[in-house]
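J.: Structure incoming, see below.
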Amino acid sequence: MYLTLVKLFLKENISLKRLMGFDVKQSKTKAVLIGLAIVYALVVFIGAFGYMFFDLGRILNEMGQAEILISFLCIYTLGMSFFVTLLRASGYLFYYKDYELLAPLPLHPRTVLMAKMTVLMILLYLTSFIFTLPIMFSYFYWTGFSVLGVIYFLIGFIFIPLIPVVIISLLSLGIATLTAKLRHSKLISILLIFVIMIGILMISFSVNDVEQNPLTGQVDLFKGIAKVYLPFDWFRIAVNQQSIVHLLYLVLANGLIFGIYVYLIQGLVHKTNQRGVRVNIKKTVGALKYQKHSHITTVVLKEFKRFFGSTIYAVNAGFGPVILMVASVASLFFQSQLESILGEAIGTENLPIEIMILILVGFSLAMTYTPAISLSLEGKNFWMMKSLPIQPKKVMYGKIIFNLCLMVPIGLISIVLFGISLKISLVNQLVMMLLVVLFSLVISCFDAIVNLLTPKFNYVNDTEVVKQSAGALLAIFGGFAIMAINGVVYYFINDLSTEILAFLAMALINTIMLIPLLWVLEKKTDSIFKKLRA
């Protein structure tokens, strides 16, 4: 029964139908095109990420310290463990979303727990493997390929995230339990998670040397963490020196602690799922108030409630603007270091400061992709939206406007704050603001069209749509592609003319891209809506 549950849970989380949002066999052309886009996005990501680590490996190898790449891999795996476990553990382990379906079945709670834990770890391993594959390639390329070294690496890779998963899952449960007893519990959970994430980023920044490039500046930090946290050091020694003793230390210590954890939480998991999340409800007595809004305003207000009603949705789609706001405010206190910091984040200090700011702003705004998933999040209630007396294009415009509400104000404020910090001329600030507005319009419309073409209504939890859907992936990398188009325009125009004309050319190219996107939304949305769930 355990294997059957694992197979079922994997199908719910990783199958092609779940990823694409439609039956691949019924729409092969659409599946091929989306598949090619996903492969392209992964190749671009692995290529760019891999180049940085390949170059870092060369530098470390010349210094005789290539094994430090293992420390990088450990820290990055820890980061993936943090994001995957923190956002999924409370709703996947301790508060089953499908508990009402599983509880009446003749299944031992331990069997269900083991199956869910297995699937959670598989998702973590897949994500971590894809993300750290360039590091692994760089290490074995520069140190030499060894069958025994690869075997030790794979065994260690399985055991290295176990203790972090234990700690982070308990932290996730603690946040869910504490906030569940408060009003506005979802909002408080979102704020707590953002505080933790920003705190980790600030600690990482405070110990980095901003005079070095982004990766070499992290060498001393990661090397120090590996020495303090023994499992990371055991993993490094086991792979680099092919030490069976240190591999056994890693396997036994991490495996034993994880096994004890899974055994001890069985009762806790059973109780939390029986009890469920208790939310305090404040009863108020007063006259009912009726407010009349336009169709688009109603959709926008509904999107705000949906956004702040889902922790996974708000944290993932709202991460970019929050980080941008924090960075722009911090720039007021780090004026002397700001240019070096931006150069470190982007990977070069040879660009004008205005372009580095636009890259940072564009990257943050591209991660705000609510139109690419908000239609999918209607889920099984989509038929209700179709039956309402509201034009489909107004629904999509409302979702786009909501995304603009998240992006544009923070984008404009960040330009002003960066302008104050770096003493950017008023003219340049105004043109940069124009670019922020146009870029936000382009990616918001593009994301809305992506969701129209790749909806995913059948899902078990929000995570499948927010993080694992084709729409989310295409939206993020589509935003990066639009940034690249702007970069190409700037590169050619700036060589021929002044910087201000290059900015205006970028504004023009965004306007040109916006026109066909608006035409598709205006002319094709109604027909696409009719086909959806027909």
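J.: Quick check: convex hull over the Cα atoms of segment 107-160, volume per residue in Å³, rounded to an integer?
T.: 77
J.: Is there a pair in Lys7/Lys399; Lys7/Lys456; Lys7/Lys524; Lys11/Lys531; Lys305/Lys456 whose C-alpha atoms are over 32 Å apart, and which pairs would that be?
T.: Table pairs above 32 Å Cα-Cα are Lys7/Lys399; Lys7/Lys524.
J.: At a 10 angstrom cut-off on C-beta neighbours, averaged per residue, how do the peptides 479-485, 76-82, 134-140 rank from highest to lowest?
T.: Taking the mean over residues of other Cβ atoms within 10 Å, the ranking is 134-140, 76-82, 479-485.
J.: For the ranges 466-476, 163-173, what's the packing order if you count other beta-carbon atoms within 10 Å of each residue, average per peptide, and put the highest first?
T.: Highest to lowest by the protection proxy: 466-476, 163-173.
J.: Go through segment 118-130 residue by residue and turn each phi into a ³J(HN,Hα) via Karplus (6.51, -1.76, 1.60, θ = phi - 60°); whole Hz please, and just put x for glycine and proline.
T.: Per residue, the Karplus-derived 3J(HN,Hα) values read 4, 5, 4, 5, 4, 4, 5, 5, 5, 5, 5, 5, 4 Hz.
J.: Explain nothing, just the number: dipole magnitude of segment 399-534 about its Cα centre with +1 on each Lys and Arg Cβ and -1 on each Asp and Glu Cβ, in debye rounded to the nearest 20.
T.: Its charge dipole is roughly 440 debye.
J.: Going by the alpha-carbon gyration tensor, a ≥ b ≥ c the square roots of its eigenvalues, is segment 458-534 rounded (a/c under 1.5) or, if a/c is not under 1.5, prolate (a/b greater than b/c) versus oblate?
T.: oblate
Just so you know, all these numbers are worked out from the coordinates, no wet-lab data involved. Please read all numbers here as calculations on a predicted model, not as lab measurements. Neighbour counts are summed over all protein chains in view; Cβ atoms, including those assigned to glycine, are modelled from backbone coordinates with ideal geometry.
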